[in-house]
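Okay, so here's the structure we're looking at.
The values are calculated or read from the model by the stated rules, or taken from the named source; none is laboratory data. Not measured: the values here are computed from a predicted model. Don't worry about glycine lacking a Cβ; one is built from the backbone with ideal geometry, like all the others, and counts go over all protein chains shown. Protein only, heavy atoms only, side chains kept; ligands, DNA and RNA dropped before computing areas. Shrake-Rupley method; radii C 1.70, N 1.55, O 1.52, S 1.80 Å.
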Amino acid sequence: MNVRSAAEPSLPGRSIHPAPDTYYGWWIVLAAFLNLFFVVGIIFYGFPVFYPYFVDSLGFTRAQLTQGFLLGFIFAGLPFGILAGALIDRLGARSVILAGVGLVALSLVLMSRMSRFWQFELLCIVEVIGYVFAGPLANQVLIARWFERRRGQAMGYAYLGLGLGGVVAPVLINYLARNFGWRHALELIAFAILLVLVPTGLWITRSTPADRGIDSKYFGEASRSKNGVDSAGADSLAVPQAVRTAPFWLILLGSALAIGAIGAVIQHFILFLRDCGYSATVASRYMSILLMASLGGRVIVGHIADHFRKSYTMAIFYFLIGVSMFLLAYPQSTTAVLAFALVFGFSMGADYMLIPLVVSENFGTASLGKILALIIMGYSVGQWAGPWLVGKLFDIQHSYDLAWKLIAVLAVIGAGAIYAIPLSVRSRRPVL
């Protein structure tokens, strides 16, 4: 029954008082939606709009445009990802998210004053640390701690923020940069992030149901839980056990390859269409179609994942990501470009959000923060290595043909890795 526990205590710091029959977890979904909208949607999908300004004003090459974030994830992503996972499991996601929000905003303000490539690289590292703290990792754990039965649905709604941010970001940033200059645009985005996400973190976000005095089993989200960890925690695997299993490495490999393909397309799609003769307006329109298609994918994939085996669902959508990229061999056909935008965009609905579902399905949630930290840092390197590789191949060949084919094959291999995940490894002995 959807009835709230009558014994719920009155805890200090409560700022939201939903109706008695409303599960507070849906407010957590809203908070995660906003975090992902700004920290991932606006930054990741909107940042390519700044690239032409960086090239014209600062003289960056196409490989350098994505090199800063790649180096950030290589040198700072893994250690700070492990730190973030440990802090989330110890202190809760709320404090980690707030720290990350501050770092993201700080890096954008300082980027508005940069004049050298080394400054860009350094600030990319700061932004990567903020992304690690306030991005997918913390919000995935946050949702997983509040939802069990409807985890896929909740994750899908939260990740609409990422997709919607991607739809809004190109138009918004282009407008700000054109009317106020790219430096002021960076400052305005930083102030907007602080204005929205700091109050959200302070007044809405709570790391677990216990922080609100709620027993989630009364809402059908856990069969037994008193501390915000779902019933799967009883047979969860610890980090040392998880990393010694084949599923951990299959998830890491598959997600890194597929998300690398997504990163490559997001960072280079507009540049690719411009090189093929499309105007900036038309190229941006196709990007908007791709990102709008992802919105439907995120909701539908979440519902599918609640009713079917999550790793198979993930493998199917990763396969579609790879196969659809072969359509980029026919850029002069508007039908092929449109079909690519629709299929690839819809399949992007499975990009980040299915990963925590597959991880919790295999390893439980007791050490979810630490395990996800390792996997997210791994696929984040792929997320930026893909764009860097495509840019490097373009600089050498002055064509995207080989780059797209290579990335497509790697994405299909990633789908195969996810498909090969055994049914469950919980309570099994490690294989290594």
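For the reader, a short list of remarks on this structure follows.
- Filtered residues of the stretch 26-49 (kept if modelled with pLDDT of 90 or more, of a type outside the set (V, I, T) and open to solvent by less than 10 Å² (accessible area, probe 1.4 Å)): A31, A32, N35, L36
- From the options A169, A144, A177, residue that is within 19 Å of V301 (Cβ to Cβ) and either open to solvent by 10 Å² or more (accessible area, probe 1.4 Å) or in contact (Cβ under 8 Å) with a residue 40 or more places away in the chain (or both): A144
- When F133, F120, F191 are screened for being in contact with a helix residue (DSSP H, G or I) (Cβ under 9 Å, 6 or more places away or on another chain), farther than 30 Å from N362 by Cα and open to solvent by 10 Å² or more (accessible area, probe 1.4 Å), only F191 passes.
- Counting only helices (runs of 4 or more DSSP H) wholly contained in the stretch 335-421, the ones carrying 1 or more residues that are open to solvent by 10 Å² or more (accessible area, probe 1.4 Å), modelled with pLDDT under 85 and touching a Leu at 6+ places or on another chain (Cβ under 6 Å) occupy 368-397.
- Scanning the stretch 214-237 for any residue that is of a type in the set (A, V, I, L, M, F, W, C), open to solvent by 20 Å² or more (accessible area, probe 1.4 Å), over 30 Å from A293 (Cβ atoms) and modelled with pLDDT of 85 or more turns up nothing.
- Cβ-Cβ under 8 Å pairs, at least 6 apart or on other chains, the stretch 367-394 side without any contact (Cβ under 8 Å) to a residue 60 or more places away in the chain, far side crowded, with 22+ Cβ neighbours inside 10 Å: L393/Y400; L393/A403
- Qualifying residue in the stretch 63-74 (condition: open to solvent by less than 30 Å² (accessible area, probe 1.4 Å), within 18 Å of Q140 (Cα to Cα) and part of a helix (DSSP H, G or I)): no
- Some residue of the stretch 277-293 being modelled with pLDDT of 90 or more, open to solvent by less than 10 Å² (accessible area, probe 1.4 Å) and farther than 28 Å from E148 by Cα: yes
- Within the stretch 84-179, helices (runs of 4 or more DSSP H) holding 3 or more residues that are more than 18 Å from V198 (Cα to Cα) and not acidic (D, E): 117-134, 136-146
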